[in-house]
């Protein structure tokens, strides 16, 4: 991230602390859904990538603030509770819109830095022993994100980050992405952490309506709550689960363990 020649340390794509959020009530290993498999695993996506200084930047400028505020399987969700302390700009039975600018307890810079750090790491490394290609391709926008993460430049142009927060009862307690969604006139990437979905749009043709949703650049710092969008996320993960080749063996193993208790 610093482009300097230094010793590197073991880096995680997702902060290591987040894996604890994905454990169930009997402390079984988190469930991994992806790459055609469904299984319990303690394997974390990590590799020797960053120097200690850059790891410290990601930790102190975003991860330490965000990690303890995400949703848990016990339905606690501190970030949602903080969001509810501020007034809603719009609210109906399907969700609402909140402006973090009206809520001093929400640290806009740290929430943004947390998400952008994961997107950037996904663009800098494959995180897979099977491929050398990066997980996602940010093209010419990756370097602007890199220098912003290090505090060497302003927030990059032609980049838009949106934040969707789930209600606690609808929170999906998994780690998903980052991955590219269906592209239009610009590139779109999604990232899911417990209770929150981040979407990153990059490209010169991002329209004005989309730019207005940018959590960092819009002066109101909008945060969306949408049961419909979160339902679509649930459906996508469920579809992946059903199509994975190890689903039947996973379910059988779960049933066998249940009979023993």
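For region 22-38, the condition of being modelled with pLDDT under 85, closer than 28 Å to residue 134 by Cβ and in a helix (DSSP H, G or I) holds for at least one residue.
The criterion of at least 3 residues that are modelled with pLDDT of 95 or more and more than 21 Å from residue 197 (Cβ to Cβ) is met, among helices (runs of 4 or more DSSP H) falling completely within region 49-167, by 52-58, 142-149.
List every residue pair whose Cβ atoms lie under 9 Å apart, where the two residues are 6 or more positions apart in sequence or sit on different chains, the first residue falls within region 203-220 and is on the phi > 0 side of the Ramachandran plot and surrounded by 10 or more Cβ atoms within 10 Å (Cβ to Cβ), and the second residue, located anywhere, is modelled with pLDDT of 95 or more and part of a loop (DSSP other than H, G, I, E, B). Listed by first residue and then by second, the contacts come to 203/158. Can residue 167 be described as touching a helix residue (DSSP H, G or I) at 6+ places or on another chain (Cβ under 8 Å) and closer than 27 Å to residue 75 by Cα? Judged against the criteria, residue 167 is a match. Residue 200 falls short of the stated requirement of being closer than 28 Å to residue 74 by Cα, at pLDDT 75 or above and either touching a strand residue (DSSP E or B) at 6+ places or on another chain (Cβ under 7 Å) or exposed (fewer than 12 other Cβ atoms within 10 Å of the Cβ) (or both). Here are some residues: 117, 192, 177. Which one is under 20 Å from residue 19 (Cβ atoms), free of Cβ contacts under 8 Å to residues at least 60 places away in the same chain, in contact with a helix residue (DSSP H, G or I) (Cβ under 6 Å, 6 or more places away or on another chain) and buried (at least 18 other Cβ atoms within 10 Å of the Cβ)? Testing whether each residue is under 20 Å from residue 19 (Cβ atoms), free of Cβ contacts under 8 Å to residues at least 60 places away in the same chain, in contact with a helix residue (DSSP H, G or I) (Cβ under 6 Å, 6 or more places away or on another chain) and buried (at least 18 other Cβ atoms within 10 Å of the Cβ) leaves just 117. Residue 252 meets each of the listed conditions (1) modelled with pLDDT of 60 or more; (2) not in a strand (DSSP E or B) apart from (1). Test residue 140 against the criterion of being free of Cβ contacts under 8 Å to residues at least 40 places away in the same chain, surrounded by fewer than 16 Cβ atoms within 10 Å (Cβ to Cβ) and under 23 Å from residue 226 (Cα atoms), and give yes or no. No.
From the list 75, 60, 69, exactly one residue is under 22 Å from the mean Cα position of the chain (by Cα) and at positive phi. Which is it? Write out each step before concluding.
Numbers: 60 fails: at positive phi; 69 fails: at positive phi.
After ruling out the rest, the residue left standing is 75.
With respect to being surrounded by fewer than 16 Cβ atoms within 10 Å (Cβ to Cβ) and modelled with pLDDT of 90 or more, residue 236 falls outside the description. Selection of region 143-163 for residues being without any contact (Cβ under 8 Å) to a residue 24 or more places away in the chain and more than 20 Å from residue 214 (Cβ to Cβ) yields only 152.
The values are calculated or read from the model by the stated rules, or taken from the named source; none is laboratory data. The model shown is predicted, which means the values in this text are computed figures rather than measured ones. Cβ sites come from the backbone with ideal geometry, for glycine too, and all protein chains shown count toward neighbours.
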